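First the structure, in the form of structure tokens, and then the observations on it.
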Amino acid sequence: MKKFDIVIAGGGVIGAACAYFLSRDTQLKVALIDIKKPGNASRASAGGLWAIGESVGLGCGVIFFKTLSKLQSESKGKDIPVMRPHQLPDCFFEFALASNAMYPALHKELFEQHGVDFKFERTGLKFIMYNQDDRIYAEQITRGIPHLADQIRWLDAQQLKEEEPYITDDAIGAIDFICDHQVNPYRLVDAYLEGARQNGVDLVLNSEVNKVLRKDDRVTGVTTQEETYYCDTLINAAGAWADTLFNKATGLNMPVYPVKGQIVLSERLPKVLNGCVSTSDCYIAQKDNGEILIGSSTEEKGFDTTNSLDKITELSQGALKCLPILKDSNIKRCWAGLRPGTPDELPILGHVPGIKGYINACGHFRTGIVTSAITGKLITELVTGQETSLDLTPFSVTRFFTQE
Amino acid sequence: MTHSCPVVIVGGGPAGTAAAAQLGKLGITSKIIEEASKIGGVIYRGPLRNTHSLPHLDDNLKRAMAALQTRYYANRRHIELLENTRVLGPEGTHSLLLNKGETLSNIEYQELILATGCHERSVPFEGWQLPGVMLMGGVQLQIKSGLVQPGRKMALVGTGPLLPLVACQLHRSGIDVVGVYEASQFSKLAKEAVALLNEPKLTLSGLSMMGYLKKHTIPFYYGWGIVSAQGENALKSITVAPYNEHWQADTQNAQTLEVDALGVGYGFVARSQLAMLMGLDHQYSTVSGSIPTLDQWQHSSVNNVYVAGDSSGVLGADAAICEGQIAAIRIAQNRGVLTGKEAAQHAGKVMRKLERLKRFRSGFDRFSERQVGLMELAKPETVVCRCEKTTRAQVDIALAQGVKDITSLKMRTRLGMGDCQGKTCASYAIDRLYQSGCTDNIGAIKPRFPLDPIPFTFLEEQ
Ligand SMILES: Cc1cc2nc3c(=O)[nH]c(=O)nc-3n(C[C@H](O)[C@H](O)[C@H](O)COP(=O)(O)OP(=O)(O)OC[C@H]3O[C@@H](n4cnc5c(N)ncnc54)[C@H](O)[C@@H]3O)c2cc1C
Ligand SMILES: Cc1cc2nc3c(=O)[nH]c(=O)nc-3n(C[C@H](O)[C@H](O)[C@H](O)COP(=O)(O)OP(=O)(O)OC[C@H]3O[C@@H](n4cnc5c(N)ncnc54)[C@H](O)[C@@H]3O)c2cc1C
């Protein structure tokens, strides 16, 4: 039997960020319990810090957009709504941008004080345009975010060629989101965890939270196969598995479900991309070791994490079209991860009415890497009873509860 | 379940072909996927030719293989062979990703038999990467091809029954075998006499090989082994020395021999990458490395997936045939082709034979059990992982820092991160972890999907 102030269930990027911020900013006694389940999202992710890109439906959202446009072209003639970029609400922009702004300092801090370099790279994210449709789409995006005009650069074909010489000559230009960058996602998780460990957090790795202990309306702890952990507050950071834990803690359900994403990775190449790239087929990022990462599908197939030939083919073809030099390379690896999806694509953060000692930190869907920093900060503020730096109301689980 | 779908078998070695023949006999169709151009597996790369043209096999095995061929051909109409086709991994939930030539495709299955065989265990020592230093399989392949000779003056080092066999084969094909060095002491072999008598025929054929070596004055040393290999761009000489019972070399009494080729054979490791990728539960075996956990019907922890032959634990060709048959019989029972009683009857005899073979084999396994000395051969600067150029010193440091499992070792040293996916270095790494006292949760080098790199051009729009 052990006693902590806080137990965090789940050690992906979200649980790790919560552990780090809590250990940095408070004196609370914290334990983090994690079992790496196949398909955990943080290890599968691309590591894009695409705060704007993702908010407007590029990056991981691009396949989603592709599906929408396909629907549109298939139903030609019918009366269909004008195609709009898939843009998230303002509260999300604020959330993602605030988080994104934290990385330069966080990178320095975790490297200098805890010795882990999570490979923060200033890359920008370019949306590559091949034709007039793409240009119209890009214009719609920029019109939708007038307040962010200073974060967008338009590049014509010539400028694009100068900045990214390996991108196909067929490109007619690009828009570049200058504040969108990238990290190495495993290193980011490791950095948070190492910082947390050095600050005194108990890391219980390779253990699964099996049971949630309750006394009346209060969560009092959890059990693993080996041990019971009593706590004042349980933080649910169980990624795509968060609903199971939520149910154990509250008896209720919430709509967090696995959304599978497949990734294709090339062998190492010399530097052929200066920045991250999104097309209407896929996104492409050259990582710090030279491998080129191509993502990603959006599939609802439960907890299945297999790769499939159709998606690998789609992604590869999309990447070959944009970056013809890939013809000389091989696919070294493919994998699939499970995003913790929610119906409105917003995370689920904060307390649950009627339940004491329990906090949600889940549902980060396709942006948990970029939004981990702000999540860690907000949850820390919440635990210590401070006023949170952003309004958490839009992220409350209660938005899914039907009034009866 | 509809039973229109053929049983899919990966690997056309003795285990895979025996399974297909058995299924065919029971009227069940199957598809064999084989990466080579012909079936037969590692013991004979080549067409299903007459066994007397297989100079490297001993007579018993020749007979067993001849019988298998007959059964295979008798049931050929139930068997579809996809040759030159490699399985790259699972695709979706009940399908495999295949590569043939420049195309990728997939194949669905309801029942799957994995019979992917084994590969040889690499042992790093000073000079192990010199051209001319070969594993036994490479040596045999060259003898079989009959085109190139592995060398003119050769020595063999290693352990187990393959040593005298390969020595005889080399001599028959006109190569000067200057010495054969068996790491274990003769007294240890004598202790296993009881186990070996489980299969008197196999034991006798071993004795006849020893007789052959004696007759042709090929020196065979028990309790001797490799220390190092020397040469600039090619092998010039080797140093061998007496081994004590822990296989530690007595370098005071080392000898240096001039040779242009060396065969090294310190055992085999199950080829379990595909099984691991498919999520089958595995366990560690000192003899065969990571092997899937199976019931007595060769059935794995994943429903309708069976593993047979060396990929389920290295036991040799005769046992591989038995295991393939057992899996086939079970599938027939599950499909309702055989009743439980019939299945038990069919399988009973095969299972008993398998038991005998296992007892025989365990005698050899005890005799050939790897000892610590083998891990001490690599010098600090000796490369132990070829792909990533990890040296022994790097492994030593990581272990000294308290690394206790293979994943951490991989992260620290990059060992096993290369394109071969740890095929070469994993057994050394696991042995080292064991030796340093870690026996629980060492883990395995997790294979990656796909098993081989896929050129992007295979996926170009047609
Ligand atoms: C292919 C792909 C690409 C992506 N690309 C990006 C990107 O470029 N940028 C970006 O910002 N985001 C990206 N994402 C999204 C991002 O990866 C996720 O939003 C984020 O990783 C979610 O983190 P998490 O900690 O909530 O979940 P996870 O990383 O899944 O962590 C949850 C952890 O909890 C563990 N767990 C679950 N139940 C229990 C239990 N009962 N007991 C103990 N442990 C438990 C799980 O095993 C897991 O380790 C991508 C996602 C995918 C799949
Ligand atoms: C060098 C060497 C010498 C040997 N000598 C003897 C001997 O003299 N006597 C004896 O009894 N035993 C000998 N053996 C052992 C004997 O070869 C094996 O025990 C026997 O072949 C096992 O049969 P199997 O069907 O399990 O595997 P194998 O014969 O190895 O067959 C496996 C087959 O699967 C195929 N395969 C594997 N992976 C894939 C994939 N992903 N996609 C498609 N195809 C795949 C391989 O190409 C291979 O043909 C030797 C083994 C080796 C390696």
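The values are calculated or read from the model by the stated rules, or taken from the named source; none is laboratory data. All figures in this text were calculated on a predicted structure; none of them were measured in a lab. We place every Cβ from the backbone using ideal geometry, glycine too, and count neighbours over all the protein chains shown. Remember, those area values only see protein heavy atoms, side chains included, never the ligands or the DNA or RNA. Shrake-Rupley method; radii C 1.70, N 1.55, O 1.52, S 1.80 Å.
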Over chain B, equivalent-ellipsoid semi-axes from the Cα gyration tensor in Å: 36, 27, 21
Inter-chain Cβ neighbour average for residues A:330-337, partner chain, 10 Å: 5
Fraction of accessible area attributable to carbon and sulfur, the protein assembly as shown (%, probe 1.4 Å): 51 percent
Convex hull (Cα only) mean projected area of chain A, reported in nm² to one decimal: 20.6 nm²
Protein-protein interface of the range B:418-462, residues with accessible area decrease of at least 20 Å², isolated chain reference, 1.4 Å probe: B:Asp419, B:Arg448, B:Phe449, B:Pro450, B:Pro453, B:Ile454, B:Pro455, B:Phe456, B:Thr457, B:Leu459, B:Glu460, B:Glu461
Euclidean distance of C-alpha centroids, the range B:297-325 and the range A:94-172, integer Å: 53 Å
Whole-Hz couplings from phi, Karplus 6.51/-1.76/1.60, listed for the range B:223-235; x for Gly and Pro: x, 10, x, 6, 10, 6, 10, 10, x, 8, 9, 9, 5
Virtual spin-label span in nm between B:Lys358 and A:Leu252, 7 Å along Cα→Cβ: 5.5 nm
Estimated dipole of the protein assembly as shown in Debye, rounded to 20 [Cβ of Lys and Arg +1, of Asp and Glu -1, Cα centre]: 3260 debye
Per residue, in Å², the accessible surface of the protein assembly as shown once ligands and nucleic acids are set aside, probe 1.4 Å: 41 Å²
Using a Förster distance of 22 Å, the FRET efficiency for B:Lys201-B:Lys349 (Cβ separation, nearest 0.05): 0.80
In the A-B interface, the accessible area buried, summed over both sides, Å² (probe 1.4 Å): 1900 Å²
Trypsin sites (Lys or Arg not before Pro) restricted to DSSP loop in the range B:181-250 with at most 16 other C-beta within 10 Å: B:Lys236
Other protein chain Cβ atoms within 10 Å, averaged over every residue that makes up A:344-356: 0
Stokes-Einstein D for the range B:379-435, Kirkwood Rh over Cα pairs, 37 °C, 0.692 mPa s (µm²/s): 303 µm²/s
Globularity index of the protein assembly as shown, i.e. its alpha-carbon radius of gyration over 2.2 N^0.38 Å: 1.06
Within a Gaussian network of chain A (alpha carbon springs, distance under 10 Å), most fluctuating of A:Gly200, A:Gly115, A:Gly363: A:Gly115
Heavy atoms of B:Val194 accessible to a 1.4 Å probe, total area in Å² rounded to 10: 120 Å²
Estimated [θ] at 222 nm from DSSP helical runs (n ≥ 4, -39500 (n - 2.57)) normalised by residues in chain B, nearest 500: -10000 deg cm²/dmol
Long pairs among A:Lys161/A:Lys321; A:Lys260/A:Lys332; A:Lys260/A:Lys301; A:Lys327/B:Lys446; A:Lys126/A:Lys327; A:Lys119/A:Lys377, criterion Cα-Cα beyond 18 Å: A:Lys260/A:Lys332; A:Lys327/B:Lys446; A:Lys126/A:Lys327; A:Lys119/A:Lys377
With at most 13 other Cβ atoms within 10 Å, longest stretch of chain B clear of loop GluC sites (Glu not before Pro) (DSSP): B:246-380
Average other protein chain Cβ within 10 Å of Cβ, residues A:323-329: 3
Gaussian network model of chain A, springs between alpha carbon atoms under 10 Å - residue of A:Val189, A:Val272, A:Val13 with greatest fluctuation: A:Val272
Dipole magnitude of the range A:282-395 about its Cα centre (Cβ charges: Lys, Arg +1; Asp, Glu -1), debye to nearest 20: 320 debye
Computed helical MRE - 222 nm, chain A, DSSP H runs ≥ 4 contributing -39500 (n - 2.57), nearest 500: -9500 deg cm²/dmol
Among A:Gln317, A:Gln132, A:Gln140: highest mean-square fluctuation, GNM of chain A, C-alpha pairs under 10 Å: A:Gln132
